[in-house]
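First the structure, in the form of structure tokens, and then the observations on it.
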């Protein structure tokens with residue numbers, strides 16, 4: 001992958017904007033300082049970086065792609081209500097790979113574990129999902 005100023009800007013922005021943004025969100029963030037960079041450039045470079053293993057691509061609850069500049073082993077939590085993606089340190093499951101390899105008799109080269117539930121903010125605001133997976137807001141209006 002050839003190096004270019006645009007690629008550097010996209011990668012630096014992802015590293016600065018640490019909330020696991022979608023390509024659209026990252027484009028909005030970049031566009032404030034670099035109006036010359038188009039949305040197609042952001043999409044193209046994020047997908048190329050993910051294919052090359054330079055960044056991680058995380059599929060959200062709604063099927064949207066979120067991007068993460070941290071490629072160190074770690075887990076993710078996705079809120080069922082607001083869709084926000086949180087990092088969980090990989091060391092909380094340090095024996096997980098060894099146990100999985102022992103159980104399967106396979107050599108694991110990578111992992112992608114995502115927890116789903118209700119984040120603290122949504123829980124505090126009484127946002128819940130009903131049994132039909134539709135969002136149900138029960139907080140005060």
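Tabulated values for the structure
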read-out	value
Filter pass, residue 50 being surrounded by 13 or more Cβ atoms within 10 Å (Cβ to Cβ), at pLDDT 95 or above and within 23 Å of residue 108 (Cβ to Cβ)	yes
Candidates 45, 121, 127 - the one that is more than 14 Å from the chain's Cα centre (by Cα), farther than 24 Å from residue 13 by Cβ and modelled with pLDDT of 85 or more	121
Qualifying residue in segment 1-10 (condition: outside the structural domain of residue 77 (by TED's automatic domain parsing), touching a helix residue (DSSP H, G or I) at 6+ places or on another chain (Cβ under 8 Å), within 25 Å of residue 88 (Cβ to Cβ) and surrounded by 14 or more Cβ atoms within 10 Å (Cβ to Cβ))	no
All positions within segment 26-41 that are more than 16 Å from the chain's Cα centre (by Cα) and buried (at least 18 other Cβ atoms within 10 Å of the Cβ)	30, 37, 41
From the options 88, 92, residue that is without any contact (Cβ under 8 Å) to a residue 24 or more places away in the chain and touching a strand residue (DSSP E or B) at 6+ places or on another chain (Cβ under 9 Å)	92
Checking residue 23 against (1) closer than 25 Å to residue 121 by Cα; (2) surrounded by fewer than 14 Cβ atoms within 10 Å (Cβ to Cβ); (3) modelled with pLDDT of 95 or more; (4) in contact with a strand residue (DSSP E or B) (Cβ under 9 Å, 6 or more places away or on another chain), the condition it does not meet	(2)
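The values are calculated or read from the model by the stated rules, or taken from the named source; none is laboratory data. Worth saying up front: this structure is predicted, and the values here are computed from it rather than measured. Quick reminder, even Gly has a Cβ in these numbers, built from the backbone with ideal geometry, and neighbours come from all protein chains shown.
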